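The next block holds one structure in the form of structure tokens; read it before the comments.
Each value in this text was obtained by applying a stated rule to the coordinates, not by laboratory testing. The shown structure was predicted, so the numbers you read here are calculated from the model rather than taken from an experiment. Glycine gets a Cβ as well: all are built from the backbone with ideal geometry, and neighbour counts include every protein chain shown.
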Amino acid sequence: MSRLLASRGGFTYISALIIVMVMGIMLGAVGQSMRLIMQREREKELIFRGLQYRDAIERWYTRKGVASTPLNDISALLKDPRTPSGERLLRKLYLDPISGKEFKPIKDPNRGITGVQSTSDAEPLKKANFPEELKGLEEKKKYSEWKFEYKPSQAVPGAPAGTAPGATGTATRPFPLSTPEGP
């Protein structure tokens, strides 16, 4: 009788090990899936925040009735020092959602800050199927190549002054804003 009980105990132990192993594999698959979902969400947020900066910088350079001066400090977008009321061009200074650090400003020696870019060297999941205004982001190997820049020299015929199409490696866009789609 003791042999019978000992063999059942071993069977229960092996069954419990197999169940734990299967659960571990399933949890690993769920974890991997969640990581991809989170990275896609951070990419969408990167596009949103980058376009917020790009639009604020465009408004800085195209505002009527305000002296056109170079943007030398990105924080000036929070309270425009050129206006008496200190109008806001940007709601807040956003962090890069991929790296968690501040965006890197793109500087033109003659015009000051013209855009921002990610500081992450990670490889993006999304490499194609961008909206027309973001075609310049396609096939980039790193998030740091995703640039959100205002380029006034690339005016769109028939569009409001200061709007520009997407350029290679740069996201520039005319209004209105379209929602970024997943890959």
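Modelling each spin label as a point 7 Å along the Cα-to-Cβ direction, I'd like the LYS79/MET34 distance in nm, to one decimal.
Simple spin-label model gives 4.1 nm for this pair.
Apply the Karplus curve 6.51 cos²θ - 1.76 cosθ + 1.60, θ = phi - 60°, to the phi angles in the stretch 116-125 and return the couplings in whole Hz, x for Gly and Pro.
Along the stretch 116-125, the couplings run 9, 8, 5, 9, 8, 9, 5, 7, x, 6 Hz.
Between beta-carbons, use under 11 Å as the cut-off and find the net charge around GLY115, counting Lys and Arg +1, Asp and Glu -1.
Once positives and negatives cancel, what remains is +2.
Assuming R0 = 45 Å, can you tell me the calculated FRET efficiency for the pair LYS104 and THR12, based on Cβ-Cβ distance, to the nearest 0.05?
0.15
Non-local amide H neighbours of LEU71 (under 5 Å, H modeled in plane, Pro and chain starts lacking H): which ones?
Hits under the 5 Å cutoff: ILE113.
Check ILE106: other-chain or 5+ apart residues with amide H under 5 Å from its amide H, H built from backbone geometry?
Residues meeting the amide H criterion: THR114, GLY115, VAL116, GLN117.
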